[in-house]
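Let me begin by presenting the structure, written as structure tokens, before commenting on it.
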Amino acid sequence: MALVLVRRLPPRLRLRLRAGAGVQRAMLVTGLVLTALFLLAALLGPLLAPHGYAQLSDGGGLFGSQQHPSGAHPLGTTIAGYDVLSRTIWGARTALLIIVAALILSVVPGTLLGLVSGYLGGRPDRLLVGLADALYAFPPLLLAIVMSIVISGGRSGLAGGLGAAACSVAVSFVPQYFRVVRAEVIRVKAEPFVDAARVIGTGPWRIMTRHVLRNSVRTLPLIFTINASEAILTLAGLGFLGFGIEPNSAAEWGYDLNRAVADVTSGIWWTAIPPGLGIVLTVLGTTLLGESLTDLADPRLRRRSGGSAPDPDGGTDDD
Amino acid sequence: MSTSTQETPGAVAAPADGAAGYGLARYLVVRFLLIIPTVLILVSLVFFLMRLTGDPISTAFGDRLTPDQLHAKLHQAGYDRPLLTQYLDYLRSLATGDFGRTVTDNQPVTHVLATYGAATVELACYALLVALVVGVPLGMVAAAHRDRAPDAVLRLFAILTYATPVFFVGLLLKLVFAIGLGWLPSSGRASTNVQLFLQNQTSTTGVYLIDALRSGDTTAVTDVLRHAVLPAVALGLLVAGVLLRLVRTNLIGTLSTDYVDAARSRGVAPLRLVTHHAARPALIPVVTVLGLQVAGLLGGAVLTETTFEWKGLGYELAHYLTARDFPAVQGIVALFAVVVAVTNFLVDVVAALIDPRVRY
């Protein structure tokens, strides 16, 4: 499904980029740059970071606690004696893992349920709609805390912390994918081509996957980016409250901010700002990317901007 | 909406007018009944999740009691019965408003909820105020300057308020305004002496601002307000961004209607066009969206209260979780679930009263 989306986007993007206003182009470029930097840090972290995420000493002995930024430690060290720059870079890897885990756990069940429920309808459909309404409004962070206690007693390794955050983000995002896909499925299944497929004897499963699903996933990319942001923020919130991933299992920005609370009170800024900026820039990148893609795909939002000429084929590629 | 048709819902050929009234009543009843499964699902989810780790007493004191003592305590509290019996028992006592007692400090959970709930409500009100004062005017500015520089800047601001975790905003505010400039206190709800003074008043509400105003002591009022500024801004900005975008989108919608065009053609100034002509219809949905933000506000409150040591329900939730006090945790989460479900219900009621198309 993701492949379908990727194949569909580029030609649209090229068209829109020419017609889009300066602001939209700036948003898209900023989003792309921030996301690329994030992916780079996540994938090449071990090469970029001067030290390991749980490293306390090197050839010159212990790093020392709460050291000011210096040549040896460009962003200083934490109260526990970790190198701040290294942990901030390594944190990107943990953030990427939580995005992937939360997306898989949310998209797959949400889309499948929306597809089957919307296509078949009836009593089970109504039950699922009610269930989705009940779950989607609850703050994921609260469930994440409860789950982290269940999974690992609140002292998580990498897998436990990721699992707790990913599961609880899924609890509030499965209903969102479900709603969006279901609404689209109900619209699409009334189209003549679905009837045509049914008339020539195509089975329901094949109709659902080949005909309905492919035409029902247009609006998903925006939810992907919100979902990804929410995953990062939930894991960070969990870490900040002290129920997240332990420092020797992985570097996690929320945990580092939790340890920085006391530092802030004594005026130490370098342990709080780098991990915080890590979160802000990552979420900013994905959000900008998601919003500019939506803007570019929505013909109604393109007009009236900066005197740019209307898109010549604006009317043809809406569907 | 004649009452006669409501009394005879089975009437075959109800007049169109009566059918609409019946539809609204039916919608409200169905919607009200939906609160029950919503709360039930969340409460059950939390109950079974927490029980997966063991019974409340073993998890809280397991390593400090002898097996005999533990067994006696378990039996006394009824935790050696089948899980399903305990679950039904728990639901029954919840329905009668009995939330049980905390394990670690043995006080009624309802007492905890009442004491610390006031602090959270106070913080949430300040935050909503900040959100309204920041979000609505800025949304109007953005709509009035649509697609020009101010709009772009405000859009970035709105995205930033979403992208920045509330605890990072809190830490930055503390770093600048409490530590760096020394203008405001960095944590707590009031200074120690003011706190003692307020708790010794004859009748207290738990909402410090009200208690301070009642005492008539101006130093207490200023102290309480000074403590509230940073947490309120941190939590309020979270909602302000959502409001800003909503007001902008709605205003742009109403600004393109015929009656606003008519006003524009009469030469009404752009800003007056926004404030006097387009604002009112655009602000109605804001009420409902504000209600939907309550869930986000509760999640944010847990983080804000921890950042600023604001002793409310969120702060206590983190504290009781660390102590593995399950009855307390379940009580707080159940209360949050009820608050979220009830506000969502109220939002739907308001939406249905405003817009007939919403009803079933």
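Quick rundown of the values:
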quantity	calculated
B:Val194 being more than 18 Å from B:Leu313 (Cβ to Cβ), in contact with an Asp or Glu (Cβ under 6 Å, 6 or more places away or on another chain), part of a helix (DSSP H, G or I) and more than 14 Å from every other protein chain (Cβ to nearest Cβ)	yes
Qualifying residue in the range B:128-140 (condition: surrounded by 23 or more Cβ atoms within 10 Å (Cβ to Cβ), within 12 Å of chain A (Cβ to nearest Cβ) and of a type in the set (Gly, Ala, Ser))	no
Verdict on B:Thr102 being of a type outside the set (A, V, I, L, M, F, W, C) and within 27 Å of B:Glu316 (Cβ to Cβ)	yes
Residue in the range A:142-161 that is more than 20 Å from the chain's Cα centre (by Cα), more than 30 Å from A:Gly242 (Cβ to Cβ) and surrounded by 21 or more Cβ atoms within 10 Å (Cβ to Cβ) present	no
Of all residues in the range A:230-287 being crowded, with 23+ Cβ neighbours inside 10 Å and not in a helix (DSSP H, G or I), the one that is nearest to the other protein chains (Cβ to nearest Cβ)	A:Ala272
Selection status of B:Val46, under 21 Å from A:Phe138 (Cα atoms), away from chain A (no Cβ under 14 Å) and either in contact (Cβ under 8 Å) with a residue 12 or more places away in the chain or in contact with a Cys (Cβ under 8 Å, 6 or more places away or on another chain) (or both)	no
Those residues of the range B:181-234 which are in contact with a Ser or Thr (Cβ under 9 Å, 6 or more places away or on another chain) and among the polar types (S, T, N, Q), in sequence order	B:Ser186, B:Ser187, B:Gln201
Residue within the range B:199-217 that is within 14 Å of another protein chain (Cβ to nearest Cβ) and in a loop (DSSP other than H, G, I, E, B) present	no
Qualifying residue in the range B:218-228 (condition: out of contact with any Pro (no Cβ under 9 Å at 6 or more places or on another chain), within 30 Å of A:Ala231 (Cα to Cα) and away from chain A (no Cβ under 14 Å))	yes
Residue among A:Gly110, A:Gly91, A:Gly81 that alone is more than 14 Å from every other protein chain (Cβ to nearest Cβ) and buried (at least 24 other Cβ atoms within 10 Å of the Cβ)	A:Gly110
Selection count, the range B:299-347, where residues are at the interface with chain A (Cβ under 10 Å from one of its Cβ atoms), over 21 Å from B:Glu122 (Cβ atoms) and either outside any helix (DSSP H, G or I) or among the acidic types (Asp, Glu) (or both)	1
Condition check for B:Arg280: out of contact with any helix residue (DSSP H, G or I) (no Cβ under 8 Å at 6 or more places or on another chain) and either assigned to a helix (DSSP H, G or I) or not hydrophobic (A, V, I, L, M, F, W, C) (or both)	yes
Verdict on B:Leu225 being crowded, with 21+ Cβ neighbours inside 10 Å and within 30 Å of B:Leu292 (Cβ to Cβ)	no
Which listed residue, of B:Leu154, B:Leu171, is facing chain A (nearest Cβ under 10 Å), within 30 Å of A:Gly276 (Cα to Cα) and modelled with pLDDT of 75 or more	B:Leu171
Where B:Leu160 falls short, out of the listed (1) closer than 25 Å to B:Glu122 by Cα; (2) within 24 Å of the chain's Cα centre (by Cα)	(1)
Wholly enclosed helices (runs of 4 or more DSSP H) of the range A:127-228 bearing at least 2 residues within 21 Å of B:Gly299 (Cα to Cα)	A:140-152, A:158-188
Only one of B:Val347, B:Val342, B:Val302 that is of a type outside the set (S, T, N, Q) and surrounded by fewer than 18 Cβ atoms within 10 Å (Cβ to Cβ)	B:Val342
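Results for (1) basic (Lys, Arg); (2) touching a residue at least 24 places away in the same chain (Cβ under 8 Å); (3) within 14 Å of another protein chain (Cβ to nearest Cβ), shown as yes or no for each residue.
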{"site": "B:Leu251", "(1), (2), (3)": "no, yes, no"}
{"site": "B:Ala262", "(1), (2), (3)": "no, no, no"}
{"site": "B:Arg272", "(1), (2), (3)": "yes, no, no"}
{"site": "B:His276", "(1), (2), (3)": "no, no, no"}
{"site": "B:Ala279", "(1), (2), (3)": "no, yes, no"}
{"site": "B:Leu283", "(1), (2), (3)": "no, yes, no"}
{"site": "B:Thr288", "(1), (2), (3)": "no, yes, yes"}
{"site": "B:Leu297", "(1), (2), (3)": "no, yes, yes"}
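The values are calculated or read from the model by the stated rules, or taken from the named source; none is laboratory data. The structure displayed is predicted, hence computed values, not measured ones. When we count neighbours, we look across all protein chains shown, and the Cβ atoms used for this are built from the backbone with ideal geometry, even at glycine.
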